[in-house]
Amino acid sequence: MTTLRLQDFQILSLKPLNIEVKDEILFLSGPSGAGKSLLLRAITDLIVHKGDAYLDEKNCNDIHPVQWRKWVGFLPAESSWWMDKVGDHFSKKDNPYLALLNLPDDCFSWDVSRCSTGEKQRLAIARLLALQPKVLLLDEPTASLDPVSVMAVESIIKNYSSEFNAPVIWVSHDKLQIKRLKQREFEINNNEIEEVVA
Amino acid sequence: MNVISLSPFDLSMAALLVLLLALLSLILKLNLASRIVIAAIRTVVQLLLIGLVLKALFAQISLLWVSALSIVMLLIAGREVMARQQRRFGGLWGYGLGTLSMFVSSFTLTVYALIVIVGTDPWYTPQYSIPLLGMMLGNTMTGVSLALDNLTTSAWRQREVIEARLILGQDWRTAIGDITRDSVRIGMIPMINAMAAAGIVSLPGMMTGQILSGTEPMEAVKYQILIMFLITAGTGFAAMLATWIGARHLFDDRQRLRLERLS
């Protein structure tokens, strides 16, 4: 089992955050611009922050940044692609998540420029999960998806979390989705991050 | 062969052409007339001044004075590199990066050329060292500023891609690899093109000048080849060095992309 622990973790004007996430899906909600995405970027150690992040009691600052980012799998709200073909962005040729996301076998030969936003998002999820991160940080992963794909992604993430005992922090605005999946929910409001008690 | 000395009258006949051009652009409302005239006056004043400096320098062969002039040339070239960049590093880095790269590359190669290739005695003989260094700096300056400009502008534009690659566990070198390769290439292309076109499309300026002033063509050609090789190597090394240090400085010790270091 993996544990993600944040200790006096602080970005911008947000109050310091102390939190421990085990193999569970923790939803993070709050108004746009509250700092949800920045918080995920800080946990990935992409931006400067105060306080410490621990993965199984190993401090982020003691781990090589490349290793840390391999453990902490962050899915940004918008996926980025830098080669012409989809397949060039994947290190392994067999990816078990493609079929689960209703992506055909030949999708590796697609031109990135011809993919729709939804296709790119599903491809990005498959690309991230194939790296087998210990933790998932998902920034509105289903915002651009059709209802069928939303269901597919939800069950994939749920299974991933229970199969690898992986903590998941999931940013979402979708109240129904939060209701469907949540084990815990936190809300950012007025610079404070507080647990939403049902 | 004797050099036909140019009289002030000869030069004013040439200046007449520039004035004609300025007049024409005034009529065509190109908004260039004053800039043409000012630039032309700068050419005359600056070249006359450097002519006087060189004359004084050649009269007494002193390492101190050669070094002093070299440093001034380097600092001006460094300022020029900085001015040619849209997004440059903030603070001392903005000036230091280009200047350091040009210093390492141009000075080393010039000293190498003087001691190993030309074999002047003493090695810093100003008649050789100053023009050589000037040619090196002038071209290295172009290469370094093109490379750095591409590096910083591309990094700025492709921030999402670079960060996405970091997120997927690539190190900074790989994440910005496409951009650094492009930057070095862009910095070197003008010199590679110049080498390829030399003598066919264009007669290089230095060689033309030597021939006009009476040097035997084959001697001028040999010096031109030397200069071309030196400039190409110097530009390439400086562009690589500046790009590498610049790219490294875009990331911090935790390999985060720090675009706020650009101003």
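How do the peptides A:155-166, A:172-183 rank, highest first, by the average count of neighbouring beta carbon atoms within 10 Å per residue?
Numbers: A:155-166: 16.2, A:172-183: 14.5.
Averaged packing, sorted descending, gives the order A:155-166, A:172-183.
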Any chance you could run the full-extension gain for B:Val116 through B:Ser25? It's 0.36 nm times the residue separation minus the Cα-Cα distance, nm to one decimal. 27.8 nm
Computed ³J(HN,Hα) along segment B:143-157: with the Karplus parameters 6.51/-1.76/1.60, θ = phi - 60°, integer Hz and x for glycine or proline, the list is x, 5, 5, 4, 5, 5, 4, 5, 4, 6, 5, 5, 4, 4, 6
If you project the alpha carbons of segment B:161-263 onto the principal axes, what extent comes out on each, in Å, largest first? 62, 21, 20
For A:Lys85, counting only lysines whose alpha-carbon sits under 24 Å away and dropping same-chain residues fewer than eight positions off, the answer is A:Lys70, A:Lys93, A:Lys120
For residues of B:165-176, the mean tally of beta carbons on other chains within 10 Å: 5
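What part of the accessible area of segment B:1-153, given as a whole %, is carbon or sulfur when the probe is 1.4 angstrom?
Numbers: 6890 of 9550 Å².
Carbon plus sulfur share of accessible area: 72 percent.
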Going residue by residue through segment B:39-52, the Karplus relation 6.51 cos²θ - 1.76 cosθ + 1.60 with θ = phi - 60° gives ³J(HN,Hα) values, rounded to whole Hz and with x marking Gly or Pro, of 4, 5, 5, 4, 3, 4, 5, 5, 6, 4, 4, 5, x, 5
Hey, what's the Cα Rg ratio for chain A versus the globular rule of thumb, 2.2 N^0.38 Å? 1.01
Just how far, in whole angstrom, is segment A:36-75 from segment A:131-194 if you go by their alpha carbon centroids? 18 Å
How many partner chain Cβ atoms sit within 10 Å of a residue's Cβ in peptide B:238-248, on average, as a whole number? 0
Could you check what % of the DSSP bridge pairs in chain A are antiparallel, to the nearest 5? 50 percent
In Å² (nearest 100), what accessible area is buried between B and A, both sides summed, heavy protein atoms only, 1.4 Å probe? 1800 Å²
Over the whole of A:40-52, what's the average partner chain Cβ count within 10 Å per residue? Rounded to a whole number, please. 2
Output the 0 to 90 degree angle, nearest 10, between the alpha-carbon long axis of helix B:177-197 and the longest principal axis computed from the alpha carbons of chain B. 20 degrees
Given the pairs A:Lys134/A:Lys182; A:Lys134/A:Lys158; A:Lys158/A:Lys179; A:Lys36/A:Lys175; A:Lys58/A:Lys134; A:Lys58/A:Lys158, which are separated by over 21 angstrom at their Cα positions? A:Lys58/A:Lys158
Take the Cα pairs of the protein assembly as shown, get the Kirkwood Rh, then feed it into Stokes-Einstein at 37 °C and 0.692 mPa s and tell me D in µm²/s. 123 µm²/s
Under 8 Å for C-alpha pairs, at least 6 residues apart: give me the relative contact order for chain B, rounded to a whole percent. 24 percent
Among B:Met195, B:Ile211, B:Ser67, flag the residue with its Cα farthest along the positive direction of the charge dipole of the protein assembly as shown, charges on Cβ as +1 for Lys/Arg and -1 for Asp/Glu. B:Ile211
Over all directions, what mean area does the Cα convex hull of segment B:106-229 project, stated in square nanometres? 9.7 nm²
Mean accessible surface per residue for segment A:153-198, computed with a 1.4 Å probe while every protein chain stays in place, in Å²: 55 Å²
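Please state, to two decimals, what the Cα-based radius of gyration of chain B comes to when divided by 2.2 N^0.38 Å (N = residues).
1.18
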Enter the angle in degrees (range 0 to 90, nearest 10) between the Cα long axis of helix B:217-249 and the first principal axis of the Cα atoms of chain B, meaning the one along which they spread out most. 30 degrees
Segment B:28-35 - phi-based ³J(HN,Hα) in whole Hz, Karplus 6.51/-1.76/1.60, Gly and Pro as x: 7, 6, 7, 6, 10, 3, 5, 5
How big is D for segment B:13-105, in µm² s⁻¹ as a whole number, if Stokes-Einstein is applied with the Kirkwood radius of its Cα pairs at 20 °C and 1.002 mPa s? 131 µm²/s
Long-range amide H partners of A:Leu17, meaning residues 5 or more apart or on another chain whose placed amide H is closer than 5 Å, are A:Asp8, A:Phe9, A:Gln10
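The values are calculated or read from the model by the stated rules, or taken from the named source; none is laboratory data. Bear in mind that the values here come from a model prediction, so they are computed numbers and not experimental data. Neighbour counts run over all protein chains shown; Cβ positions are idealised from the backbone, glycine included. The protein model used for the area step is the full one, side chains on, heavy atoms only, and it has no ligands, DNA or RNA in it. Shrake-Rupley method; radii C 1.70, N 1.55, O 1.52, S 1.80 Å.
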